[in-house]
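Reading through the structure tokens given below for one structure.
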Amino acid sequence: MKHTVEADRAGEDQGRAIEPRRTPRVLSIAGTDPTGGAGQHADLKTVAVLGGYGMSAITAIVVQNTQGVEAVHPVPVSVLSEQLEAVSRDVTVDAVKIGMLGSVPVIEAVSQWLGDHRPPVVVLDPVMVATAGGRLLDDDAEDAIRKLLELADLVTPNLPELAVLLGEEVAADWATALDQGHRLAEAHRVRVLVKGGHLPGEDTPDALIEPGRPEPAVEVHAPRVETRNTHGTGCSLSSAVAVLAARTGEWPAAVRAGRQWLRGALLAADRLEVGHGNGPVHHGHHLDDLLEQAVAEWSRPETEDEAEDTGTSFTRQLWNESGDLRERIRGGSFVPGLADGSLPREVFLDYLAQDLIYLQDYSRALAQLAVRAPRESWRALFAAGSAGCAEETATLHKTLVEADAPVQSTEVTDEYTDFLLATTQSRDWAVGVAAVLPCYWLYAWIGTELDRQRRAAQVQDGHDGSGGAHPYAAWLDSYSDPAFAEAGERVRAVVDDLARTADPATVDHMRRAFHRACELEFRFFEDPCLRGRARNGSGDGRET
């Protein structure tokens with residue numbers, strides 16, 4: 001669901017807000033890298049794996065490999081401007097990441113374009129200092145970069161570049177780096193991502209500084225990753241924050257998620273074995289386990305129907321075993337009322353109010369799974385799910401539930417959330433994953449079935465079947481979204497993977513946790529209807 005997020009403190013100063021978009025269109029303005037580790041190539045990989053659609057305007061053809069830069073061939077300024085204008089005439093740009101510019105005319109061309117077509121998200125990675133420490137720009141170009149800061153929402157310098165922007169010595173400690181970041185933010189009214197990777201020691205801190213705030217909006221510390229394969233980290237992090245800010249509408253969330261993703265890319269960098277120098281980070285690291293699982297599934301000779309008949313898939317067994325419960329859902333009061341739009345609005349809003357409470361704790365449960373996940377890809381999957389719950393809370397629910405109205409959780413809501421939080425925190429990790437699966441799977445099933453019924457009814461009535469008039473269209477659209485079903489399939493794949501290697505006792509616990517959650521889902525659906533009838537003093541309605 002799209003919505004406008006009010007700008008945070010820095011955004012208010014600049015009068016800018018971000019409208020979140022599930023697949024943001026992100027333009028990279030930067031140079032190339034034939035070995036694929038930095039520049040345009042790193043930007044486009046990052047945007048793709050984090051759910052955006054990448055585009056590029058090339059500033060320079062760079063001859064380089066993992067051992068260094070051999071030559072730079074600037075693109076004529078007129079050609080760069082033509083690229084930018086061609087994109088703008090045809091595509092709405094949700095975010096732009098700016099990297100290597102190199103000269104005053106190029107910087108001015110980009111500034112002119114931003115003045116005419118400034119997207120909601122502008123991230124500037126000021127490429128000013130070479131890895132070996134040499135300055136890459138002359139004084140005039142450095143001054144032009146400082147002016148360009150006024151058109152950016154976020155600037156992501158490393159410590160040497162931060163020092164150049166301020167005309168000072170490079171910070172030797174984190175406190176000095178933070179002080180420089182604050183002063184740069186205030187001087188140019190721009191957010192600054194201060195990165196401590198150049199500091200000595202085992203700690204690698206990052207902080208998001210916003211003008212007008214004395215404390216960092218985000219400050220994260222983590223042990224240094226032991227690898228020499230760090231080529232393209234600056235490009236990758238800045239483009240990650242750009243796409244994630246466009247997806248979430250929140251700068252702190254984008255920085256946290258982008259840093260977590262990049263840390264995984266560094267941890268997996270040695271797997272790539274690219275080049276003989278400082279190799280690239282592994283942009284697609286979080287997809288490795290999922291792809292291996294998918295290849296294993298695709299390689300099986302059985303069709304889905306055969307898997308259902310033979311019981312090859314553990315989750316398919318669970319689905320078959322829960323058939324009676326799905327029939328109870330179909331024959332209950334809540335889902336049929338949603339299907340034909342007859343569900344009283346006060347009952348629907350009552351349900352949404354409880355779902356708002358539920359999603360907050362469900363987000364915590366997914367976060368607990370992410371923290372305890374034994375694989376990096378699984379950690380990313382459940383972390384994304386946790387963030388998605390927060391997004392859903394901010395979109396569908398807060399637009400339909402009165403924000404100031406006090407809501408008391410019901411006994412059913414408490415029973416369900418207590419079960420999920422206890423199971424994901426204190427039991428075997430595999431049991432916790434099985435417990436959260438029904439919320440994905442049942443909701444996707446219900447959303448898809450109801451959306452199919454809605455469209456069929458519209459076609460029968462002479463409409464085009466594209467949605468619209470149904471009173472609960474927003475709910476149906478949210479849970480019939482293919483992306484939601486895809487997330488559920490990923491969780492399902494994790495459950496199947498775990499069941500293949502777990503001992504029989506654990507598998508039994510997984511089965512019982514799944515069915516317990518299914519039963520609680522059914523009760524969660526029906527409870528608002530029961531309370532609605534109780535309020536109205538009516539005992540009629542469908543039996544539940």
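The values are calculated or read from the model by the stated rules, or taken from the named source; none is laboratory data. Just so we're clear, the structure is a prediction, and the values are computed from it rather than from any experiment. Glycine also receives a Cβ, built like all others from the backbone with ideal geometry; neighbour counts cover every protein chain displayed. Remember, those area values only see protein heavy atoms, side chains included, never the ligands or the DNA or RNA. Shrake-Rupley method; radii C 1.70, N 1.55, O 1.52, S 1.80 Å.
For every other residue with a beta carbon closer than 15 angstrom to the beta carbon of Pro119, add +1 if it is Lys or Arg and -1 if Asp or Glu, then tell me the sum.
0
Provide the solvent-accessible area of Ile18, counting protein heavy atoms only and rolling a 1.4 Å probe, rounded to the nearest 10 Å².
It works out to around 10 Å².
Below 13 angstrom from the Cβ of Asp179, what's the summed charge of the other residues (Lys, Arg +1; Asp, Glu -1)?
Details: positive: Arg183; negative: Glu168, Glu169, Asp173, Glu186, Glu215.
Residues close to Asp179 contribute a combined charge of -4.
Does the range 209-249 classify as rounded, prolate or oblate by the C-alpha gyration tensor (a ≥ b ≥ c root eigenvalues; a/c under 1.5 gives rounded; else a/b over b/c gives prolate, otherwise oblate)?
Cα axes put the range 209-249 in the oblate bin.
How large is the accessible surface of Val91 in square angstrom, using a 1.4 angstrom probe and rounding to the nearest 10?
Result for Val91: roughly 40 Å² accessible.
Sort 318-327, 408-417, 242-251, 434-443 by packing, meaning the average of other beta carbons within 10 Å per residue, with the highest value first.
242-251, 434-443, 408-417, 318-327
In Å, what Kirkwood hydrodynamic radius results for the range 144-249 from the alpha-carbon pair distances? Spell out each step's value before the answer.
On the way: mean 1/r = 0.0702 Å⁻¹.
Across the range 144-249, the inverse of the average 1/r is 14.2 Å.
Does the range 58-98 come out rounded, prolate or oblate, given a ≥ b ≥ c as the square roots of the eigenvalues of its C-alpha gyration tensor, rounded meaning a/c under 1.5 and, failing that, prolate meaning a/b above b/c?
Here the range 58-98 falls in the oblate category.
As an exercise, use a Förster radius of 56 Å and the Cβ-Cβ distance of Ser88 and Ala505 to find the FRET efficiency, rounded to the nearest 0.05. Don't jump to the answer; show the numbers that get you there.
Numbers: r = 61 Å, r/R0 = 1.08.
E between Ser88 and Ala505, to the nearest 0.05, is 0.40.
Find out how many positive minus negative residues lie around Gln40, taking Lys and Arg as positive, Asp and Glu as negative, among other residues whose Cβ is under 13 Å from that of Gln40.
Residues close to Gln40 contribute a combined charge of -1.
Consider a paramagnetic label point 7 Å from the Cα of Asp288 along Cα→Cβ; state which residues of the range 201-236 have an amide N under 20 Å from it.
Hits in the range 201-236 for Asp288 at 20 Å: 223-234, 236.
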